[in-house]
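The values are calculated or read from the model by the stated rules, or taken from the named source; none is laboratory data. Predicted, not measured: the structure shown is a model, and the values here were computed from it. All Cβ positions, glycine included, derive from the backbone under ideal geometry; neighbour counts span all protein chains shown. Note: accessible area is taken over every heavy atom of the protein model, side chains too, but ligands, DNA and RNA are not part of it. Shrake-Rupley method; radii C 1.70, N 1.55, O 1.52, S 1.80 Å.
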Amino acid sequence: MGGKMILYRGSLKSCNYRCSYCPFSKRRMTERELGKDREQWFSFVRDFEEKSEALGIRAFMAVPYGEAMIHPWYWEGLAAVSACPNTDAAGIQTNLSFPVREFLTCFEKCGGERSKLRLWATFHPEMTTEEAFAESCRKLMDAGIMLCAGAVGAPENLLRLRKLRKKLPENLYFWINKMDGLKRPYTKEEREAFLELDPYFLRELAPYISDPEKCRGRLFAEGNGKARACNISGTFDVKQGAFDASSELLEPECGRRRCSCYLAYGGRNDFMNQILFGPYPLFRIPRRPKAVFLDIEGTLLQWRKGGARKETYIPKDVLAGLQALSLEKIPLFFATTLPYREAVKKCEKIRHLFSGGIFAGGAHIVFEKEKREQFWYLNETDFTELSFLKRSFCFRPLIYRNREGVYKITLFRAAHSAWNEKDVQKLLEYAPGMRSAGVRYFVEENCLQIVPAEADKAAGVRTLCRWMGILPGEAAAFGNSSEDAGMMELCGM
């Protein structure tokens, strides 16, 4: 996981392009106004250099109204921010109309680090050609600069966007933003067409209900010193500058019903953002893991608020992310304490996207594509005493076995009578089999789970990665409990 991230937007409100739909193309700023923007920018950069490390801010992105990269002072500021030892990445949105060679020369002369630079490039069909835009992208990538490129999903530009995609480097992510001015839903044919260009396009169409809890760790700063949680949320009451509002990073405010653009939903602490785009998803540069392991309950499946405990659903944004990973041909695996049959039944709607997984807390591993399967087994004779203890400890034993033997035991209690540490310790006195070196047990609310000592999700990840011929660090994993911590750490999350 990355550190905190700050975005910046100054008073710049002009552009060298003249796109018909854009308000910033119709206004030229005076030298005095440009001087004010320059002063604000360097003031922000100085604050970043002095305060970002203490505040834990490790990534930065400029998101101007208009085009900033035609002004050399932005080159100098980006270099200064990237040179900070605590900075992991520094980026900016741009139309790529700036001179690449001159920019890189200035950037390095000012001490900038190319490896930290991130560019978000937008193609404007009215102002440039596919060939020119693709050539700029290629020059930057050849220079070692990381970037993404994309355009607004205007149906009338579809042929040109297809042409551009063919000219861009194959490994460059080409995103499509939904067109806010379309004033109608995309047709099925249009959705499929844009999905061919951008495998993540369905995420643009998914509803993102605002949730301030998911916005911790980011701040949107303005040139006048005010701050927001993101570009569309309400401003904080800041008198001395955005960095003095950094405590608000922990308690963001919002006031919006939906996260309606990528800068809003792409900066949330959603697990799918982290899996698809790494620790700083706002840069929109895909992580592209070689495999993904996901917990089910509480991660893939959410409980409906106010509904029964068993009433779960798959959020549409999660489903869109799974479909994106599938289109990218990245293998998906369940990682759950549920046994195989219960897991696939709960996930019937997304079952076809997955290639198997880690089941029963790691005691059962399945790789369907290769038709490989592995079990770890318990010594059943160690647990004969459980049948005599079920009444006094108020549990119902659920035994999971196949032809070879027992691979998991669940001591199930009523929902209102969850297991606690005192009950577990008392049970251990009467069930010596649970104290065996070959046994691992853990509590999940009203279930005491018993599995072989070799079985856990991290071990399952190692096994499946070995079967696929990849390293665990090349995979991604996510869950919401202590049972998931090992596999997440193993995968660098």
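So here's what we get for this one:
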{"read-out": "Members of region 39-96 that are free of Cβ contacts under 8 Å to residues at least 24 places away in the same chain and aliphatic (A, V, I, L, M)", "value": "A54"}
{"read-out": "Positions within region 191-229 being without any contact (Cβ under 8 Å) to a residue 40 or more places away in the chain and in contact with a Gly (Cβ under 8 Å, 6 or more places away or on another chain), in sequence order", "value": "G225, R228"}
{"read-out": "Some residue of region 449-460 being of a type in the set (D, E, K, R) and farther than 24 Å from G278 by Cα", "value": "yes"}
{"read-out": "Total residues in region 151-173, condition more than 28 Å from A83 (Cβ to Cβ), outside any helix (DSSP H, G or I) and either in contact with a strand residue (DSSP E or B) (Cβ under 9 Å, 6 or more places away or on another chain) or open to solvent by 70 Å² or more (accessible area, probe 1.4 Å) (or both)", "value": "5"}
{"read-out": "In region 368-393, residue modelled with the lowest pLDDT [restricted to those that are part of a loop (DSSP other than H, G, I, E, B) and touching an Asp or Glu at 6+ places or on another chain (Cβ under 9 Å)]", "value": "F393"}
{"read-out": "Residues of region 34-69 satisfying the condition of being β-branched (V, I, T), modelled with pLDDT of 95 or more and not in a helix (DSSP H, G or I)", "value": "V63"}
{"read-out": "Within region 114-150, tally of residues that are crowded, with 19+ Cβ neighbours inside 10 Å and among the polar types (S, T, N, Q)", "value": "1"}
{"read-out": "Region 366-379, subset over 26 Å from the mean Cα position of the chain (by Cα) and touching a residue at least 60 places away in the same chain (Cβ under 8 Å), residue surrounded by the most Cβ atoms within 10 Å (Cβ to Cβ)", "value": "L378"}
{"read-out": "Residue, least open to solvent (accessible area, probe 1.4 Å), within region 305-338, restricted to residues that are modelled with pLDDT under 95 and hydroxyl-bearing (S, T, Y)", "value": "T312"}
{"read-out": "Residue check, F243 modelled with pLDDT of 85 or more and either outside any loop (DSSP other than H, G, I, E, B) or open to solvent by less than 10 Å² (accessible area, probe 1.4 Å) (or both)", "value": "no"}
{"read-out": "Count - residues of region 328-367 that are assigned to a loop (DSSP other than H, G, I, E, B) and either in contact with a Ser or Thr (Cβ under 6 Å, 6 or more places away or on another chain) or of a type in the set (S, T, Y) (or both)", "value": "4"}
{"read-out": "Pair list, Cβ < 6 Å and 6+ apart or interchain, from region 328-355 residues that are free of Cβ contacts under 8 Å to residues at least 60 places away in the same chain and of a type in the set (A, V, I, L, M) to residues that are surrounded by fewer than 21 Cβ atoms within 10 Å (Cβ to Cβ) and not in a helix (DSSP H, G or I)", "value": "L353/L332"}
{"read-out": "Test: residue in region 459-466 that is assigned to a loop (DSSP other than H, G, I, E, B) and surrounded by fewer than 13 Cβ atoms within 10 Å (Cβ to Cβ)", "value": "no"}
{"read-out": "From the options D456, D382, residue that is of a type in the set (D, E), in contact with a Gly (Cβ under 6 Å, 6 or more places away or on another chain), open to solvent by 40 Å² or more (accessible area, probe 1.4 Å) and within 21 Å of A343 (Cα to Cα)", "value": "D456"}
{"read-out": "Flag for D198 being charged (D, E, K, R) and at pLDDT below 95", "value": "no"}
{"read-out": "Residue count, region 207-231 (criterion: aliphatic (A, V, I, L, M), modelled with pLDDT of 85 or more and buried (at least 16 other Cβ atoms within 10 Å of the Cβ))", "value": "2"}
{"read-out": "Cross-chain or 6+ apart pairs with Cβ under 7 Å, region 459-470 first and touching a residue at least 12 places away in the same chain (Cβ under 8 Å), then among the polar types (S, T, N, Q) and open to solvent by 10 Å² or more (accessible area, probe 1.4 Å)", "value": "T463/Q374"}
{"read-out": "Conditions (1) in contact with a Cys (Cβ under 8 Å, 6 or more places away or on another chain); (2) in a helix (DSSP H, G or I); (3) surrounded by 22 or more Cβ atoms within 10 Å (Cβ to Cβ): number failed by A477", "value": "(2)"}
{"read-out": "In region 421-440, the residues that are farther than 23 Å from E342 by Cα, surrounded by 10 or more Cβ atoms within 10 Å (Cβ to Cβ) and not aromatic (F, W, Y)", "value": "D423, V424, K426, L427, L428, A431, P432, G433, M434, R435, S436, G438"}
